[in-house]
Amino acid sequence: MIDSAQAWFLSLGTNYGVNPWIFGAIYVGAIPFFLLSIAWLVRRARAGRSIVAPAMLAGFFFVSAYLYLAIAGRNIPVWVWLFLTLLVAWGAFTTIRDTRARVAAARIDGDPSVTRDDETP
């Protein structure tokens with residue numbers, strides 16, 4: 001059963017022109033770079049500096065495997081693109097929400113004149 005599942009999985013790469021091992025390597029390999037970009041973004045926001053570069057890098061690492069799919073893939077079904085659009089939109093929403101919370105917490109922790117009671121809901 002595992003052999004047939006693996007054969008099916010690898011055949012998807014042949015059908016659509018995408019090497020699943022490369023896709024997986026990009027997907028997993030981008031995770032530490034994404035997390036480092038978010039940490040860099042929070043540090044820069046805490047310091048009151050521009051967050052454009054770390055935000056752009058985080059966005060690139062977030063979608064890097066899908067960029068590979070868009071460049072190397074061919075005849076990808078429309079439902080896959082719709083699913084990926086929803087997946088990326090949800091991921092972006094939650095990442096932005098969590099990053100904003102981290103930046104707000106970092107600013108409060110870094111400013112002794114602000115207490116958590118001063119936060120507005």
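Please treat every number below as a calculation from the coordinates, not as lab data. From a predicted model like this one, the values you see are computed outputs, not experimental measurements. Positions of Cβ are backbone-derived with ideal geometry, glycine not excepted, and every protein chain shown enters the neighbour counts.
Roughly how many nanometres apart are two label points built 7 Å out from the Cα toward the Cβ at residue 10 and residue 60?
That separation, rounded to one decimal, is 3.3 nm.
For the stretch 22-60 and the stretch 73-93, what is the separation of their C-alpha centers, rounded to whole Å?
One Cα centre to the other: 21 Å.
How big is the stretch 1-69 along each principal axis, measuring the range of its Cα positions in Å and listing the largest first?
54, 21, 11
Explain nothing, just the number: dipole magnitude of the chain about its Cα centre with +1 on each Lys and Arg Cβ and -1 on each Asp and Glu Cβ, in debye rounded to the nearest 20. Working shown, then result.
Working: 10 positive and 7 negative charges, 66 e Å.
Result for the chain is approximately 320 debye, rounded to the nearest 20.
Compute the length gained on full extension between residue 105 and residue 92: take 0.36 nm times their separation in residues and subtract their Cα-Cα distance, giving the result in nm to one decimal.
Full-extension gain reported as 2.7 nm.
Of the listed values [x] 39, 14, 13; [y] 20, 18, 15; [z] 32, 18, 12, grab the one calculated as semi-axes √(5λ) of the Cα gyration tensor in Å from the structure here.
[x]
Set the Förster radius R0 to 22 Å, insert the Cβ-Cβ distance between residue 33 and residue 67 as r into 1/(1 + (r/R0)^6), and round the FRET efficiency to 0.05.
Taking R0 as 22 Å, the efficiency between residue 33 and residue 67 is 0.95.
Between residue 19 and residue 83, what is the label-to-label distance in nm when each label sits 7 Å out along the Cα-to-Cβ direction?
Here the modelled spin labels are 2.3 nm apart.
Calculate how large, on average over all directions, the projected area of the Cα convex hull of the stretch 51-96 is; give the answer in nm² to one decimal.
About 3.4 nm², averaged over all directions.
Specify which residue in the list 9, 95, 54 is farthest towards the positive end of the charge dipole of the stretch 2-118, using unit charges on the beta carbon of Lys, Arg (+1) and Asp, Glu (-1), about the Cα centre.
Of the listed residues, the answer is 54.
Return 74, 49, 102 ranked ascending by Cβ neighbour count within 10 Å, so the fewest neighbours appear first. Intermediate values should be presented prior to the final figure.
On the way: 74 8, 49 11, 102 16.
Starting with the residue having the fewest Cβ neighbours, the order is 74, 49, 102.
Please tell me the relative contact order of the chain in percent, rounded to the nearest whole number, where contacts are Cα pairs under 8 Å and at least six residues apart.
27
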